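The values are calculated or read from the model by the stated rules, or taken from the named source; none is laboratory data. Note that the coordinates shown come from a computational prediction; the quantities given were computed from them, not determined experimentally. Every residue, glycine as well, gets a Cβ built from its backbone with ideal geometry; the counts of neighbours run over all protein chains shown.
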Amino acid sequence: MAARIDRATIENWLLIAGGLGLAYVLYQIYQTVTNPNKGTPYEGYGLPGTIAHGVNILTGGAPEAIGNWTGGAIYDWLNPPTTPGVTYVVAFPDGSSHAIDPATVDPSGNFAYQGNAWVLKVNAAGAKFAIPFAG
C-alpha cells in the first residue's frame, strides 16, 4: 500500500518552495544593487536603472520584451529595409524612364547610369526623376 501524504506535509513543501523562490529573487535584487546593472541593458543608468532591472527580474522580463518589441517596430517603421528586387522607376530628362536599383543610389541621391552621373529627385507627387550631376 502506498504511503499517504497529508495536507500539512504538502503545505510545508510548498512553503519551502515559495521561500526558496523568494530567496532567489532577493539574491537577484542584492546582485543588482551591489553590481548595478552590470551586463544588463540598464548598465550605466544608476539608481533608476537598478530599479528598472529589479522590476524586469520580478516580472520575468516583460518590460524588456515590450520595450524591445516597441523599439524594434518603431525602428523598422522609420527605417524600412531595402528589399532585393525592388527598383525605382526614374524619369530622365529625355523623357525615358528606367529601373534603378536603390542600392546604387547614395544618401545624397547621387547615382550612375549608363556611364553618366545623375542626382535622384522626387517631385511633390512622389514621382522620381533624374537630373544631371553638376559636380
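Take residue 106 and decide whether it is part of a loop (DSSP other than H, G, I, E, B), of a type outside the set (Phe, Trp, Tyr) and out of contact with any Gly (no Cβ under 8 Å at 6 or more places or on another chain). Before the answer, list the steps.
Values: part of a loop (DSSP other than H, G, I, E, B): yes; of a type outside the set (Phe, Trp, Tyr): yes; out of contact with any Gly (no Cβ under 8 Å at 6 or more places or on another chain): yes.
Taking the combined requirement at face value, the residue satisfies it.
Taking the conditions exactly as written (surrounded by 11 or more Cβ atoms within 10 Å (Cβ to Cβ), within 19 Å of the chain's Cα centre (by Cα) and either modelled with pLDDT of 80 or more or in a helix (DSSP H, G or I) (or both)), does residue 98 satisfy them or not? So that I can check it myself, show each step before the final result.
On the way: surrounded by 11 or more Cβ atoms within 10 Å (Cβ to Cβ): yes; within 19 Å of the chain's Cα centre (by Cα): no; either modelled with pLDDT of 80 or more or in a helix (DSSP H, G or I) (or both): yes.
The answer is no for residue 98.
Here's the yes/no breakdown for (1) modelled with pLDDT under 80; (2) in contact with a strand residue (DSSP E or B) (Cβ under 9 Å, 6 or more places away or on another chain); (3) among the hydroxyl-bearing types (Ser, Thr, Tyr):
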position	(1), (2), (3)
61	no, no, no
64	no, no, no
88	no, yes, yes
94	no, no, no
112	no, yes, no
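Search region 19-44 for residues being modelled with pLDDT of 65 or more and either assigned to a loop (DSSP other than H, G, I, E, B) or touching a helix residue (DSSP H, G or I) at 6+ places or on another chain (Cβ under 9 Å) (or both), and hand back the single one that is surrounded by the most Cβ atoms within 10 Å (Cβ to Cβ).
Filtering region 19-44 down to residues modelled with pLDDT of 65 or more leaves 19-35.
Narrowing the set further to residues that are either assigned to a loop (DSSP other than H, G, I, E, B) or touching a helix residue (DSSP H, G or I) at 6+ places or on another chain (Cβ under 9 Å) (or both) leaves 25, 28-29, 32-33, 35.
Values: 25: 13, 28: 14, 29: 16, 32: 21, 33: 13, 35: 12.
Here the residue is 32.
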